[in-house]
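Novice: The structure under discussion is supplied below as structure tokens; questions concerning it will follow.
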Amino acid sequence: MKLTIRNLDNEEVGDIELADEVFGLPIRRDILARVANWQLAKRRAGTHKTKGISEIRGTTKKPYKQKGTGRARQGSLRSPQFRGGARIFGPVSRSHAFDLQKKVRRLGLKMALSAKLDEGKLAVIDAARIAEPKTKALRAKLAALRWDSVLIIDGSVIEENFARATRNLPRVDLLPQQGANVYDILRRDTLVLTREAVRHLEARLK
């Protein structure tokens, strides 16, 4: 599929042919969901923890005698029915990560790129460069292009001025091509690729 290339001044500067095997696949929401959930599970800290009865500080003495009180028998004040006691079957520190096949992860990235193109929310620019690292100037350029919530994917190296200009824009993300991933593509409304990013992604995913 052919797409128009623009620059940051919203001027047409050429065309680019996008590979159908990367940008033209039929969309499968189940694949996108699997890959996005895999990403989010990996980033969970898994540090939630409650104490079992063996970890509670306190006496091991029996609260009162077994018989003759008319009350329910008790063996420890650290039991969960008492205030300050343990929690039964509470969460423990663990990893939430799970494995996902490489071919599914690659397919998920292709699906995310194809989904943006299918929705008409994929744009290609010639380069992500700006003369001065001024957030105000870049915000005006993005507003003229009607890009509010946007992920910009550049080549292997991001220009320093452009990176500094985007740093304080809350709904603008910037990634090198090797950091392209399903979750970040889906969480922003518009996906913007540089010419170099398209070349790298097609070489990586074909």
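Novice: For Kirkwood radius over Cα pairs in Å, the listed values are (1) 20.8; (2) 17.2; (3) 22.5; which was obtained by calculation from the structure presented?
Specialist: (1)
Novice: Could you rank the peptides 115-123, 137-145 by their average count of other C-beta atoms within 10 Å per residue, with the highest value first?
Specialist: 115-123, 137-145
Novice: What's the angle, to the nearest 10 degrees (0 to 90), between helix 29-43's Cα axis and the longest principal axis of the chain?
Specialist: The two axes meet at around 60 degrees.
Novice: With angles folded into 0 to 90 degrees, how steeply does helix 135-144 sit against the dominant principal axis of the chain? Use alpha carbons for both and round to 10.
Specialist: 70
Novice: How do 111, 1 line up, fewest other C-beta atoms within 10 Å first?
Specialist: Placing the least packed residue first, the sequence is 1, 111.
Novice: Take peptides 100-106, 23-29 and line them up by average Cβ neighbours within 10 Å, highest first, as a rough protection proxy.
Specialist: Ranking the peptides 100-106, 23-29 by packing returns 23-29, 100-106.
Novice: Among the chymotrypsin sites (Phe, Trp or Tyr not before Pro) in region 57-152, which ones are in a DSSP loop with at most 15 other Cβ atoms within 10 Å of the Cβ? Mind listing them?
Specialist: For chymotrypsin sites (Phe, Trp or Tyr not before Pro) across region 57-152 that sit outside H, G, I, E and B with at most 15 neighbouring Cβ atoms in 10 Å, the list reads 64, 82, 89, 98.
Novice: Same structure again: Once each part is reduced to its C-alpha centroid, what is the distance from region 68-119 to region 1-15 in angstrom?
Specialist: So the separation of the two Cα centres works out to 47 Å.
Novice: Could you pull out every one of the lysines with an alpha carbon less than 25 Å from that of residue 110, ignoring same-chain neighbours closer than 8 positions?
Specialist: Candidates past the 8-residue exclusion: 2, 42, 102, 121, 206.
Novice: Within 13 Å, Cβ to Cβ, of residue 26, how many net charges do the neighbouring residues add up to if Lys/Arg are +1 and Asp/Glu are -1?
Specialist: So the environment of residue 26 carries a net charge of -1.
Novice: All other residues with a Cβ under 11 Å from the Cβ of residue 105 taken together, and with Lys, Arg as +1 and Asp, Glu as -1, what is their net charge?
Specialist: +4
Novice: Where Lys and Arg each count +1 and Asp and Glu each count -1, what net charge lies around residue 51 among other residues with Cβ under 12 Å from its Cβ?
Specialist: +3
Novice: Right, something else. Which order results if 99, 126 are arranged by neighbouring Cβ count within 10 Å, fewest first?
Specialist: Least crowded to most crowded, the residues run 99, 126.
Laboratory data are not the source of any read-out in this text; all were calculated from the coordinates shown. These numbers were taken from a predicted model, which means no experiment stands behind them. As a convention, Cβ positions derive from the backbone with ideal geometry for all residues, glycine included, and neighbour counts pool all protein chains shown.
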